[in-house]
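Below is one structure; the comments refer to it alone.
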Amino acid sequence: MRIRTVLTRAAVVGAAAVLAATALTACGGNDSTDGAANPYGLLQPGVIRAGTLTDAPPNVYLKDGKFTGFDNDLLTAVAGKVGLKVEFVGTDFSALLSQVNNRKFDVGSSSITVTEARKKTVDFGNGYDFGYFGLDVPAGSPITGFDQLAGKRVVVVQGTVQDDFATREKLDPVRVPDYNGAVNQLKAGTADAWIAPAEIGDKSAADSNGKITVAAKQLSPAPTAYAVAKGNDKLREALDKGLDEVIADGTWSRLQAQYYPGRPIPADFTPGSGSVPVPSPSAAS
């Protein structure tokens, strides 16, 4: 009887040890599973939460309650190539990069020009577009070029490369939080000029019923790219891979033709990694 009791106790202790080891293994397995289910460290596995703007056509904007535009349609196609969906959320450009780095958003999508200063806040994927600065003025303005802005009331969207340009040129710009604010100042005659992304400036002038005209354009000094949080290399690399695939299959060229019809592509600009050929818009359609 005594021997049987000892054996029973030993069996119980052994079983408990096995259960404990099994529990530890299971915990470890769950961690591994979580990592496999969310390899890019997204806020929601399988879904990119992208911060964007609502008022900057044709690049990024809302249409019939849906986020669209070249940048956003391209991001949706890029994400699809690596098995991800995209959820867009509107924000102000001045807050976007810090929100990406603080992980409120997984990606920033808003024709973000790559600059050394911005690289201190976020990491960038490969460039997917180029851009021009546009100079929008009220109809009838005598201003015809960027060299005529000294002493003028020049409006810019805060935190943009146009803001950087105006500050560098010592123009003492008037800063507004969004593109609608800039357009409204031109329409009201409270600003002499607006330095804008050219495509957005073109669309704003076309929609102004003759109140705004485009006075001049000049090529922006750097490409635009999607922004991710510092150190999120897996997501950045996945976006770069997807971008090359949508370039190769003609999606990039098709969206260029759709949103920027007739806009010439600079000879020295190549989207993505540069390792894939870019089909012509006619071949991609």
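Computed values, structure above
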read-out: Checking residue 64 against (1) more than 22 Å from residue 112 (Cβ to Cβ); (2) open to solvent by less than 50 Å² (accessible area, probe 1.4 Å); (3) modelled with pLDDT of 95 or more, the condition it does not meet; value: (2)
read-out: Check on residue 54, open to solvent by less than 40 Å² (accessible area, probe 1.4 Å) and at pLDDT 65 or above; value: no
read-out: Test: residue in region 38-45 that is open to solvent by less than 30 Å² (accessible area, probe 1.4 Å), over 12 Å from the mean Cα position of the chain (by Cα) and modelled with pLDDT under 95; value: no
read-out: Residue satisfying all of: in region 201-242; touching a Pro at 6+ places or on another chain (Cβ under 8 Å) and among the hydrophobic types (A, V, I, L, M, F, W, C); modelled with the highest pLDDT among these; value: 212
read-out: Which listed residue, of 239, 235, 243, 219, is open to solvent by 20 Å² or more (accessible area, probe 1.4 Å) and either closer than 30 Å to residue 38 by Cβ or in contact with a strand residue (DSSP E or B) (Cβ under 7 Å, 6 or more places away or on another chain) (or both); value: 219
read-out: Subset of region 140-151 [of a type in the set (Gly, Ala, Ser) and farther than 12 Å from residue 191 by Cα]; value: 140, 145, 150
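The values are calculated or read from the model by the stated rules, or taken from the named source; none is laboratory data. These numbers come from a predicted model, not from an experiment. Note that we place each Cβ from the backbone using ideal geometry, even for glycine, and neighbour counts take in every protein chain shown. SASA here: full protein model, heavy atoms, side chains in, ligands and nucleic acids out. Shrake-Rupley method; radii C 1.70, N 1.55, O 1.52, S 1.80 Å.
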